[in-house]
Amino acid sequence: MEGEGGLTTSTKKEAESLLLNNVTAAVTDATSEVMQINGRYNSLVIAQVIQMDIFQFNKLNPNFDKIIAEKSYYELRLPSDKKLLFLANKPKILEQSIYLLLASASK
């Protein structure tokens with residue numbers, strides 16, 4: 001073992017957790033809000049409907065699609081103005097996300 005136990009000496013799960021916490025701390029500020037969502041949402045659909053750049057969405061919500069597929073819930077982080085758009089369009093976003101999921105499963 002070298003150094004002070006960096007990412008190279010961590011398990012995969014520990015490394016992912018550490019990276020997730022560091023990214024979340026770096027990008028979460030006073031202008032973003034967190035809310036728990038349940039369901040099979042898709043990051044691309046959310047970003048498109050709330051008119052948010054997908055790269056910015058992914059910075060605030062790393063591994064969103066993977067985590068929500070495994071747990072079916074997620075602590076979603078959005079800028080305050082985008083949170084209101086999400087809440088106003090929540091049924092539409094979920095419907096389009098499920099449609100996309102079903103379309104990709106039938107291929």
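The values are calculated or read from the model by the stated rules, or taken from the named source; none is laboratory data. No experiment lies behind these values; they were computed from the predicted model shown. Cβ placement follows ideal geometry from the backbone for every residue including glycine, while neighbour counts extend to all protein chains displayed.
Out of curiosity, is Leu78 more than 16 Å from Leu101 (Cα to Cα) and within 12 Å of the chain's Cα centre (by Cα)? Let's see the steps before the verdict.
Numbers: more than 16 Å from Leu101 (Cα to Cα): yes; within 12 Å of the chain's Cα centre (by Cα): yes.
Yes, satisfied.
Residue-wise test of (1) in contact (Cβ under 8 Å) with a residue 60 or more places away in the chain; (2) closer than 18 Å to Thr31 by Cβ; (3) surrounded by 12 or more Cβ atoms within 10 Å (Cβ to Cβ).
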site	(1), (2), (3)
Ala47	no, yes, yes
Phe64	no, no, yes
Ala69	no, no, yes
Tyr73	no, no, yes
Pro79	no, yes, yes
Pro91	no, no, no
Leu94	no, no, yes
Ser104	no, no, no
Taking into account only those residues within the range 74-107 that are modelled with pLDDT under 95 and in a loop (DSSP other than H, G, I, E, B), which is nearest to Ile37 (Cα to Cα)?
Ser106
Is there a residue being modelled with pLDDT of 95 or more, outside any helix (DSSP H, G or I) and in contact with a Phe, Trp or Tyr (Cβ under 7 Å, 6 or more places away or on another chain) anywhere in the range 58-73?
no
